[in-house]
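The values are calculated or read from the model by the stated rules, or taken from the named source; none is laboratory data. Remember, it's a predicted structure, so these values are computed and weren't measured experimentally. Positions of Cβ are generated from backbone atoms using ideal geometry, with glycine treated the same way; all protein chains shown enter the neighbour counts. The area values use the complete protein model at the heavy-atom level, side chains included, leaving out ligands, DNA and RNA. Shrake-Rupley method; radii C 1.70, N 1.55, O 1.52, S 1.80 Å.
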Amino acid sequence: TARPPLSLPFPPPPLHAHWRSKPADVAAHLLGHEGSGSLLSALRRRGLATGCTVGAGAGGDAGHCSTHALFSVCFTLSADGVHRWAEVCDATYAYVGMLRGHLADGGLPDRLYAEVRDVAAVAYRFGEEEPADDFATGLVEPLVPRHVAAAVPPERLLDAGTLLFEWRPELVGEILDGSLTPRNARVDLQSSVFGRHTDYAGDGATAAHGDDPLLCVPVGGPAPAPAEVLAAMHVWRDDAGEAAAPFAPAAAAAPQTEPTFGTKFWCHRIGQGTEARWDALRRPGGHAAEWGELALPPRNEFVPTEFRLRAPPRDDDDHALVGASLKVCVPVGKRKAWFPATVQRYNSLTQQILLSFEDEDEKWYALDDTPPNDDTPPHDAAPPTPASDDDAGTLNGGTVRYRTVAPPRGDAADGDAFPPRDRK
């Protein structure tokens with residue numbers, strides 16, 4: 001791929017019991033924000049990454065299981081970032097160290113939780129309608145036996161997966177302190193710079209879970225020693241025992257083959273020196289020297305909290321078409337076609353209305369007093385037939401035709417023509 005992904009999955013303990021506070025969502029907001037002082041902004045400045053996604057299940061795996069969660073930090077790398085992947089990991093652990101420093105020195109600001117809570121509330125209130133089968137799955141999932149310990153009350157089944165109900169900073173600290181550690185992580189790096197599938201055809205590559213009994217331990221069987229598993233997986237190390245950066249396929253053992261999709265891959269250990277450096281960076285305050293620009297997310301001034309409908313300006317409510325849904329016939333090249341539009345504003349000085357189309361394009365049109373001509377322009381699909389002559393008209397001196405599809409909410413009573421002739 002042109003911009004290969006790097007992911008660091010961490011398995012925290014199960015988080016089902018914390019559905020009210022959702023500490024993983026708060027931690028994901030802290031690590032994944034893209035403002036000044038963010039992890040991503042520091043990597044962009046160094047030309048290492050162009051995107052960052054963080055959260056439970058962010059890597060495409062199941063985020064929550066009965067035995068553990070899976071909290072992933074994923075990056076879209078630049079070409080240089082592929083070869084300097086260890087620096088991207090450095091920055092990740094440095095940001096964790098910065099967050100741990102704030103937790104140890106007075107705690108995280110309450111505003112961070114409030115922003116996550118308010119954004120979740122907006123997403124729930126104005127969320128798009130989803131397919132019935134997906135909705136049913138999401139509704140039933142909290143009732144599966146693995147969720148019994150964190151049973152969601154019936155009155156919260158619809159919103160328990162989205163809304164936040166309480167602020168528990170100590171739970172965020174538990175994820176940062178106990179789970180986001182080098183020893184609890186795996187580094188996944190995929191890139192076409194390592195070669196193509198055909199480059200390794202017939203090289204003796206082995207299936208990751210083929211006939212090797214060591215890698216196919218039956219359920220309930222004795223677990224092999226970690227060193228034996230690493231040896232069976234052809235784990236690669238350089239002469240000093242360190243994981244080389246960048247990884248060199250030519251110097252490594254033959255790749256393994258994933259049995260289902262046939263993907264070639266290698267496994268190798270992270271060297272003790274690299275692990276020690278990451279441990280030092282994640283200590284509270286350990287990021288100050290090299291990654292001093294890392295900081296908490298700045299206050300987001302654009303999180304909406306007020307949703308009451310406001311009255312339009314005085315000159316916007318003096319025409320019956322304001323708020324109406326129209327079908328408008330406009331020129332498209334040498335032809336004319338009908339498009340849906342909504343009347344947004346009215347300018348009494350210029351006698352114009354502002355139309356907003358589905359592609360978010362907005363344009364002013366002059367109102368006409370003359371009735372529309374009877375010539376129907378060519379178009380692919382005719383608009384609905386109006387209920388009366390009052391439902392149609394022209395704009396821009398008769399060059400644009402319109403038909404009213406729906407009047408403004410509450411503007412027309414049953415049996416009344418729209419728009420009424422006595423309003424201008």
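Data for the structure
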read-out: Per DSSP, loop GluC sites (Glu not before Pro) in segment 76-135 with at most 11 further Cβ within 10 Å; value: GLU128, GLU129
read-out: Protection proxy ranking, peptides 290-303, 322-335, 39-52, average beta carbon neighbours within 10 Å, highest first; value: 39-52, 322-335, 290-303
read-out: FRET efficiency, 1/(1 + (r/R0)^6) with R0 25 Å, evaluated for ASP279 and VAL303 via beta carbons; value: 0.10
read-out: Virtual spin-label span in nm between THR350 and ASP188, 7 Å along Cα→Cβ; value: 5.4
read-out: Inter-probe distance in nm under a simple model that places probes 7 Å from Cα toward Cβ, at ALA295 and GLU174; value: 3.2
read-out: Average accessible surface area per residue within segment 150-192, 1.4 Å rolling probe, Å²; value: 52
read-out: Ranked packing of 90-100, 391-401, most packed first, by mean Cβ within 10 Å; value: 90-100, 391-401
read-out: Gyration tensor (alpha-carbon) shape descriptor, segment 74-115, a/c threshold 1.5; value: oblate
read-out: Contour minus Cα-Cα distance for ALA132 and THR50 (0.36 nm per residue); value: 26.0 nm
